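Okay, so here's the structure we're looking at.
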Amino acid sequence: MHLLILNGPNLNLLGLREPALYGAQTYAALCQTCEDACRARDVTCTLFQSNHEGALVDAIQDAYGKADGIVLNPAAYTHTSVAILDALKAVHLPAVEVHLTAVAEREPFRHVSFAGLACEKTITGQGFAGYVQAIDYLAERYGASNGQGA
Ligand code: DQA
């Protein structure tokens, strides 16, 4: 099983960025957490981060025929991007939306998620553990639909 793990704008600045909200750990540490979680479940992954909406759309399109699922934190584009929503609908891969923070408890403009409309599940407010939960969900789903463990 192969997953695309996609992160949007400013998540490359984890550690520096509003640590009271996003924590002290870096984007490299997030990648390590995801890689370790995938390896433990016998899953391979492609990790990609971009500050550019079109690059995120390209990565979703590129996942078609290559990945069995997508874990994504579109960051600020969550709340604005119809293009990311449309890309997810186009490739029709099982997707899980993750947010480090509890977006529903933050400013009203963060309560809207376009990408979430094309996701099977949304996990918020769990920090890095949310990504591990998303990997677990997609690995179990893949195992169930292929009549085996992940
Ligand atoms: C975020 C929440 C978004 O509202 C924000 O723009 C981000 C990060 C999160 O992980 O909590 O950049 O997606």
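Summary of computed values
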quantity: By average C-beta atoms within 10 angstrom, highest first, the peptides 20-33, 44-57, 132-145; calculated: 132-145, 44-57, 20-33
quantity: Cα Rg, Dmax (largest Cα-Cα span) when computed across the chain, Å; calculated: 14.3, 43
quantity: Accessible area per residue in Å² at 1.4 Å probe, computed on the chain; calculated: 48 Å²
quantity: Nitroxide proxy distance, nm - points 7 Å out along Cα→Cβ at D62 and N10; calculated: 2.5 nm
quantity: Sorted peptide list for 90-97, 104-111, criterion being average Cβ within 10 angstrom, highest first; calculated: 90-97, 104-111
quantity: Accessible carbon and sulfur surface of the chain relative to its total accessible area, %, 1.4 Å; calculated: 52 percent
quantity: Virtual spin-label span in nm between A40 and A55, 7 Å along Cα→Cβ; calculated: 3.0 nm
quantity: Residue list for the range 111-150, given a label point 7 angstrom along the Cα-to-Cβ vector of H92 and an amide N cut-off under 16 Å; calculated: 118-120
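The values are calculated or read from the model by the stated rules, or taken from the named source; none is laboratory data. The structure presented is a predicted model; accordingly, all values stated were derived computationally and were not measured. Heads up, the Cβs are rebuilt from the backbone with ideal geometry, glycines too, and the neighbour counts pull from every protein chain shown. When the accessible area is computed, the model is the full protein with side chains, heavy atoms only, and any ligands, DNA or RNA have been set aside. Shrake-Rupley method; radii C 1.70, N 1.55, O 1.52, S 1.80 Å.
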